[in-house]
Every structure is written in structure tokens, then in C-alpha cells.
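A.B. asks: Before anything else, here's the structure in question.
The values are calculated or read from the model by the stated rules, or taken from the named source; none is laboratory data. Predicted model, so just to flag it, every value in this text is computed and none were measured. Every residue, glycine as well, gets a Cβ built from its backbone with ideal geometry; the counts of neighbours run over all protein chains shown.
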Amino acid sequence: MSEHIVFLDRSTLQAQVRRPALEHTWEEYATTSPAQTVERLRDATIVLTNKAPLRGDVLAQLPKLKMIAVAATGYDVIDVPACRERGIAVANIRNYAVHTVPEHAFSLILALRRSLLEYRADVERGRWQEVDQFCFFDHPIRDLHGSTMGIFGEGVLGQGTAAIARAFGMRVLFADHAPPKMPDVEFTPMEQVLAESDVISLHCPLTPDSRNLFGLEQFRKMKRSAILINTARGGLVDELALVTALKEGLIAGAGFDVLTKEPPKEGNPLLDLRMPNFILTPHVAWASDGAMQFLADQLIDNVELFLKGTPQHLVT
């Protein structure tokens with residue numbers, strides 16, 4: 001039987017995507033709006049999607065569909081319970097961004113801890129030419145060595161971030177949470193992580209339990225000199241609470257690569273922040289050339305192995 005494979009948002013993956021080594025027809029779209037989804041998938045047996053959502057009302061109209069291959073690790077765009085009810089397999093990507101996401105997190109950390117944006121802006125404004133000595137000290141510069149990093153999420157990205165932190169000479173605390181938990185990781189109560197960390201980095205999935213994990217209550221328990229880094233999912237943080245925390249000085253800064261709704265066509269409170277201690281990048285922490293190609297290869301591996309009867313990386 002020939003499979004009909006549809007890639008809903010091919011433009012989200014800037015890599016070579018090989019065709020599966022099996023009899024199939026292939027259809028791809030640069031982007032797909034919710035209004036276009038059902039029509040484009042009417043004859044699909046397998047769908048590839050990165051951020052194009054597939055909810056229960058859509059799945060109910062796609063009786064031929066038997067597999068969803070998600071071109072990402074996070075699969076909150078998929079109605080997993082609805083897939084389970086309909087016998088639709090869902091596979092995601094594992095362990096593809098083990099270097100690029102931790103490196104991006106540390107790019108944000110270093111920029112904030114060393115006030116790089118402020119110093120660069122000062123140089124562009126001519127401040128250096130005005131001083132009477134070889135340098136100036138208008139903004140704080142804080143070493144990472146000897147400081148404490150708190151990590152939420154002990155998967156490969158959290159552990160990759162921890163490895164870099166330890167190389168800088170940082171003490172690492174993994175915040176405790178409900179099972180399942182990775183073996184050989186020592187956990188610290190969340191309250192202690194909030195109180196003791198100089199840098200907190202989020203690497204956990206977005207679930208009903210983790211949504212708005214950080215709000216004003218958590219910001220008030222953090223050090224005023226601490227910074228928050230989020231390269232995971234926007235919904236982990238109450239964005240209005242973050243604005244308040246930054247404006248009131250509850251924390252010293254934040255670096256984000258994600259928003260609750262992407263792209264933010266309807267605006268977002270974080271887009272309006274014009275503060276040197278806040279850095280926002282457009283969900284590109286995952287997107288190094290090597291990571292994207294690894295993802296593209298694994299995406300097709302997932303499809304081929306599922307059709308061979310030896311599936312991998314199933315979430316349902």
C-alpha cells in the first residue's frame with residue numbers, strides 16, 4: 001500500500017529532508033493555517049508537522065491518518081489523547097539539540113551577566129571616547145565562576161546546560177519535581193533552587209502542570225541579582241508577571257527565546273520591553289545547521305521505522 005505523506009510546515013525546517021525509502025506520494029507546504037489543515041490532510045496517512053496544530057476536531061475528520069511525525073521534541077501542538085483514542089501514532093524528535101540549545105542559553109547568560117548589550121550600546125553612542133581612562137564601569141560585570149545555576153528539567157538539554165555550567169565553575173542545582181525522573185540526578189527542593197540560584201534556566205516541557213510555572217510568587221522568592229533564561233516553551237512563564245518582575249527589580253534580568261504564542265502577530269508584552277537587561281530571540285536556540293539536519297534525518301527515520309513495524313520515539 002502506498003502511503004500519502006504531507007508536510008504541513010516545511011519552511012520551519014531549513015535542512016535537506018530525504019524522501020522515505022518506501023512506496024509513497026509526497027506533498028509539502030511552506031506553511032499551513034488551521035483553516036487549511038483538514039483539506040490538505042484529507043487523503044494523508046502520515047503527516048509531518050512542526051508547529052501546525054492538530055487538535056481533536058481536526059483529527060475526527062481524518063479517518064485515513066495513522067501517524068503524526070512531529071518535527072520537534074515538544075508536541076503540545078498535538079491532541080495526544082485524541083490520537084490515542086483514534087489509534088494514531090505520534091512520534092517526536094529526541095536528543096537533536098543537545099549542543100545548540102545549551103549554547104544559546106549560555107549566550108544569553110553571558111550577555112546578561114556581563115552587561116554586553118549595555119556596553120556595546122555605550123560604545124556606539126561614543127561613551128568610550130569621552131572618558132579620561134582606558135575603560136569605564138557603568139554597568140555590572142559578574143563572573144559565572146562560583147555562582148549557582150538552577151535548572152528546571154533534567155533531560156538531555158538540562159544536563160547539557162549543566163555540563164557547560166560546571167565547566168564555568170558553577171554549582172548546579174536541579175529543581176525537584178514529580179516523577180518520572182532521570183537516573184543519577186540529584187534533586188533539590190524547588191524553594192531552595194529559587195532562593196539560592198544566581199541563574200535559573202528552564203528546560204522542561206510545557207504540560208498542564210508546568211504552565212505558568214514561574215509567576216510573581218516565584219520571582220519574589222528569587223535573588224534580586226538573579227536572571228531567568230527560557231529556551232524551552234513560552235507558557236512556562238507568566239509573561240505579565242515577568243514584565244512586573246523586571247520593572248520592579250524583583251530579578252536582575254531575563255533571556256527568552258520563546259513566547260506563549262508564536263509568531264506573536266497579535267503582540268506580546270515582552271515585545272514591548274525596551275530594557276537592556278532583557279533579551280528576546282525569535283525561537284532560534286534549536287536552529288543550528290547541524291541540529292536541524294540531525295532533526296530532519298531523524299524525522300524520516302521515525303516514519304520509516306513506524307512503517308516497518310519497529311517504531312521509535314512514540315509518545316502515544
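A.B. asks: So, in region 226-252, how many residues would count as being hydrophobic (A, V, I, L, M, F, W, C), closer than 21 Å to Pro205 by Cβ and in a loop (DSSP other than H, G, I, E, B)? Full working, then the answer.
C.D. replies: So in region 226-252, the residues hydrophobic (A, V, I, L, M, F, W, C) come out as 226-229, 232, 236-237, 240-243, 245-246, 250-252.
Of the ones still in play, those that are also closer than 21 Å to Pro205 by Cβ are 228-229, 232, 236-237, 241-242.
The next check asks that each one be in a loop (DSSP other than H, G, I, E, B); those that pass are 232.
Adding up the residues that qualify gives 1.
A.B. asks: Do we have any residue at all in region 307-314 that's under 20 Å from the mean Cα position of the chain (by Cα) and assigned to a loop (DSSP other than H, G, I, E, B)?
C.D. replies: Checked against the condition, which is being under 20 Å from the mean Cα position of the chain (by Cα) and assigned to a loop (DSSP other than H, G, I, E, B), region 307-314 yields at least one hit.
A.B. asks: Sort out which residues of region 16-45 are surrounded by 12 or more Cβ atoms within 10 Å (Cβ to Cβ), within 11 Å of His4 (Cβ to Cβ), over 28 Å from the mean Cα position of the chain (by Cα) and not small (Gly, Ala, Ser), and write them in order of number.
C.D. replies: His24, Thr25, Trp26, Arg42, Asp43, Thr45 - these are the residues of region 16-45 that are surrounded by 12 or more Cβ atoms within 10 Å (Cβ to Cβ), within 11 Å of His4 (Cβ to Cβ), over 28 Å from the mean Cα position of the chain (by Cα) and not small (Gly, Ala, Ser).
Quick grid of which residues meet (1) over 17 Å from the mean Cα position of the chain (by Cα); (2) assigned by TED's automatic domain parsing to the domain that holds Asn50; (3) part of a loop (DSSP other than H, G, I, E, B); (4) surrounded by 19 or more Cβ atoms within 10 Å (Cβ to Cβ):
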{"position": "Ala254", "(1), (2), (3), (4)": "no, no, no, yes"}
{"position": "Leu259", "(1), (2), (3), (4)": "no, no, yes, yes"}
{"position": "Pro264", "(1), (2), (3), (4)": "no, no, yes, no"}
{"position": "Leu299", "(1), (2), (3), (4)": "yes, yes, no, yes"}
{"position": "Thr316", "(1), (2), (3), (4)": "yes, no, yes, no"}
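A.B. asks: Something else now. Restricting to region 177-204, what's the tally of residues that are in a loop (DSSP other than H, G, I, E, B) and crowded, with 16+ Cβ neighbours inside 10 Å? Can you show your working first?
C.D. replies: Residues of region 177-204 in a loop (DSSP other than H, G, I, E, B): 177-186, 189, 197-198, 203-204.
Still in the running and crowded, with 16+ Cβ neighbours inside 10 Å: 177, 197-198, 203-204.
The total comes to 5.
A.B. asks: Follow-up question, since we're still on this one. Looking only at region 12-31, how many residues end up being under 17 Å from Gly290 (Cα atoms) and not in a loop (DSSP other than H, G, I, E, B)?
C.D. replies: Qualifying residue count for the region: 1.
A.B. asks: Just checking, does region 58-71 include any residue being within 22 Å of Gly235 (Cα to Cα) and outside any loop (DSSP other than H, G, I, E, B)?
C.D. replies: The answer is yes, given that some residue of region 58-71 is within 22 Å of Gly235 (Cα to Cα) and outside any loop (DSSP other than H, G, I, E, B).
A.B. asks: When region 102-136 is examined, which residues are found to be basic (Lys, Arg) and either touching a His at 6+ places or on another chain (Cβ under 6 Å) or outside any helix (DSSP H, G or I) (or both)?
C.D. replies: Arg114, Arg125
A.B. asks: So which residues in region 87-134 are over 28 Å from the mean Cα position of the chain (by Cα) and without any contact (Cβ under 8 Å) to a residue 12 or more places away in the chain?
C.D. replies: Matches in region 87-134: Val123, Glu124, Arg125, Gly126, Arg127, Trp128, Gln129, Glu130, Val131, Asp132, Gln133, Phe134.
A.B. asks: Could you list all residues from region 191-211 that are over 19 Å from Leu112 (Cα atoms) and within 15 Å of the chain's Cα centre (by Cα)? Walk me through how you get there before you give the answer.
C.D. replies: First, the residues of region 191-211 that are over 19 Å from Leu112 (Cα atoms): 191-193, 195, 204-211.
Cys204, Pro205, Leu206, Thr207, Ser210, Arg211, listed by residue number.
A.B. asks: Can you pull out the residues in region 40-57 that are in contact (Cβ under 8 Å) with a residue 12 or more places away in the chain and part of a helix (DSSP H, G or I)?
C.D. replies: Keep residues of region 40-57 that are in contact (Cβ under 8 Å) with a residue 12 or more places away in the chain, which gives 40-56.
Within region 40-57, Arg40, Leu41, Gly56 meet the criteria.
A.B. asks: Still on this structure, please answer the following. Inside region 158-190, can you point out the residues that are under 20 Å from the mean Cα position of the chain (by Cα), closer than 19 Å to Arg142 by Cα and small (Gly, Ala, Ser)?
C.D. replies: If the condition is that a residue be under 20 Å from the mean Cα position of the chain (by Cα), closer than 19 Å to Arg142 by Cα and small (Gly, Ala, Ser), then Ala162, Ala165 are the ones that fit.
A.B. asks: State the number of residues belonging to region 279-297 that are touching a residue at least 40 places away in the same chain (Cβ under 8 Å), not hydrophobic (A, V, I, L, M, F, W, C) and not in a helix (DSSP H, G or I).
C.D. replies: Residues in region 279-297 being touching a residue at least 40 places away in the same chain (Cβ under 8 Å), not hydrophobic (A, V, I, L, M, F, W, C) and not in a helix (DSSP H, G or I): 2 in total.
A.B. asks: Something else about it: I'm checking my understanding of the structure. Among residues of region 54-76 that are farther than 27 Å from Ser2 by Cβ and either at pLDDT 95 or above or hydroxyl-bearing (Ser, Thr, Tyr) (or both), which one is surrounded by the most Cβ atoms within 10 Å (Cβ to Cβ)?
C.D. replies: Per the criteria, the residue is Thr73.
A.B. asks: Against the definition (surrounded by 18 or more Cβ atoms within 10 Å (Cβ to Cβ), among the aliphatic types (A, V, I, L, M) and not in a loop (DSSP other than H, G, I, E, B)), how does Leu271 come out, yes or no?
C.D. replies: no
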